[in-house]
1. Under the definition of Cα pairs under 8 Å and six or more residues apart, what whole-number percent is the relative contact order of the chain?
2. Which is farthest toward the positive dipole end of region 177-357 among L335, L225, A317, measuring Cα position about the Cα centre, with Cβ charges +1 (Lys, Arg) and -1 (Asp, Glu)?
3. State, as an integer percentage, the relative contact order of region 177-357 based on alpha-carbon contacts under 8 Å between residues 6 or more apart.
4. Treating only the Cβ atoms of Lys and Arg (+1) and Asp and Glu (-1) as charged, compute the dipole magnitude of region 177-357 about its Cα centre; round to the nearest 20 debye.
5. Go ahead and run the numbers for FRET between K124 and N329, Cβ-Cβ distance against an R0 of 56 Å, rounding to 0.05.
6. Give K42/K98; K35/K95; K164/K381; K124/K382 a once-over and call out the pairs whose C-alpha atoms are over 18 Å from each other.
7. Name the shape class, rounded, prolate or oblate, that the alpha-carbon gyration tensor gives for region 177-357, where a ≥ b ≥ c are the square roots of its eigenvalues, rounded holds for a/c under 1.5, and otherwise prolate holds if a/b is larger than b/c and oblate otherwise.
8. Can you compute the FRET efficiency between I80 and L169 using 1/(1 + (r/R0)^6), with r the Cβ-Cβ distance and R0 = 35 Å? Round to the nearest 0.05.
Amino acid sequence: MEVKKANDRGIKIMMGAGGTSGHINPAITIADYAKTKNKDTKIIFCGLRDSLEEEIVRRSGYEFKYLRARVLPNNNRKKIRWIMENTSGIRQCMKYIKDFRPDIIVSTGSYVGSPLVFAGLLKKIPVLLHEQNALPGRSNRLFGHRCDAVCISFEESRQYFKAKTNTVLTGNPIASVFFTASKPESREKIGFDQSVFHIVMMGGSLGANTLNEAVMGLVDSGKWLQLLDAYPNLNLTISTGMRRGAEICQNLSQAPHINAHEYIFDGASWMASADIFIGRSGAVTCSEIAALGMPAILVPYPYASDNHQYYNARVLADIGAAVICDDANFTPEYLHDVIKKLINDKESLVEMGRQAKSKGLPGATAEIYETLMKVIDDDHKKKEK
């Protein structure tokens with residue numbers, strides 16, 4: 001797809017992103033890419049005051065505008081407050097649109113972007129949505145068919161949008177290193193021997209208590225030592241998260257062949273060095289697994305909105321690329337048994353990795369940007385008629 005007209009000049013983009021880093025970071029990646037394509041491009045983000053999105057956006061060097069928004073409550077008595085908050089947010093966004101005059105509005109989902117999308121539709125500004133999860137969020141499902149384009153990360157998402165919705169399969173915008181990193185080079189980089197059977201566990205920046213407890217239980221019960229007796233080259237690396245990281249790292253510090261870190265900053269190298277990945281199934285994590293071609297044990301976060309982590313994991317499990325374990329069943333005993341089973345079945349691990357790789361979508365950010373530019377050019381052509 002070659003679209004040049006809109007990019008001959010700097011464009012103006014208003015972005016709505018918030019709630020979690022899974023919504024915010026893809027928006028930052030898209031914004032950064034747009035700036036590399038044309039330094040005159042102007043971008044404004046909208047989100048909640050004193051929020052995670054404000055912190056990440058400001059650190060990334062972008063202008064940030066406050067809006068009011070509230071998630072749709074299950075309690076009817078709270079819906080009046082929801083209507084008032086979001087109506088106020090829509091009015092704020094309409095003023096921002098009037099002042100900034102954007103060429104396009106981009107939302108990466110969550111309730112935080114809803115007032116901006118609604119205001120854009122009222123003002124007849126082109127709107128592009130990006131959906132990270134296999135099961136689209138309520139906001140994107142609500143607005144999808146009214147918008148100019150919806151970029152999806154998994155083919156499985158298409159069925160949740162109305163037939164007339166302009167859905168474009170792009171993938172999640174993730175770092176290109178996940179497509180190029182190799183196991184030998186990654187092991188050399190982090191100082192691991194090539195003969196080690198390496199398990200990497202990650203529970204996100206705050207950690208996953210279930211994963212941490214399973215590893216500590218594995219050690220405390222003596223089952224880890226049993227595994228090491230049978231498989232002396234076994235090694236486990238766990239990113240505990242910052243919430244109880246220091247305490248957990250201290251508890252695991254004496255366990256042989258276990259490397260516990262509060263946070264792993266070079267996630268690509270550590271994941272690429274693994275024979276098996278164990279972790280939550282956020283949209284970006286699943287996309288990284290696919291890019292790497294990594295066999296995975298996925299433990300969906302049970303309290304995620306609409307249980308979307310389960311549906312992300314399902315995409316990989318359905319093609320044999322991953323095994324799903326419910327959070328409640330991820331015990332030290334389960335961890336012991338699944339390690340023992342997979343370490344003895346190298347052929348299955350190779351096939352899981354091959355199937356995972358088949359879901360990898362390189363060039364997602366560029367494809368999203370090209371879709372964005374096409375929407376802008378199509379809008380300009382309509383206005384010229």
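Coordinate-derived values only; no laboratory data. Just so it is clear, the structure is predicted and the values come from calculations on it, not from any experiment. Note: ideal-geometry Cβ built from the backbone for every residue, glycine included; neighbour counts use all protein chains shown.
1. Numbers: 756 pairs, mean separation 61.6, N = 385.
Averaging sequence separation for qualifying contacts and normalising by length gives 16 percent for the chain.
2. The Cα lying farthest towards the positive end belongs to A317.
3. 25 percent
4. Working: 13 positive and 20 negative charges, 44 e Å.
Dipole size: approximately 220 debye.
5. 0.65
6. Exceeds cut-off: K35/K95; K164/K381.
7. rounded
8. The formula returns an efficiency of 0.35 here.
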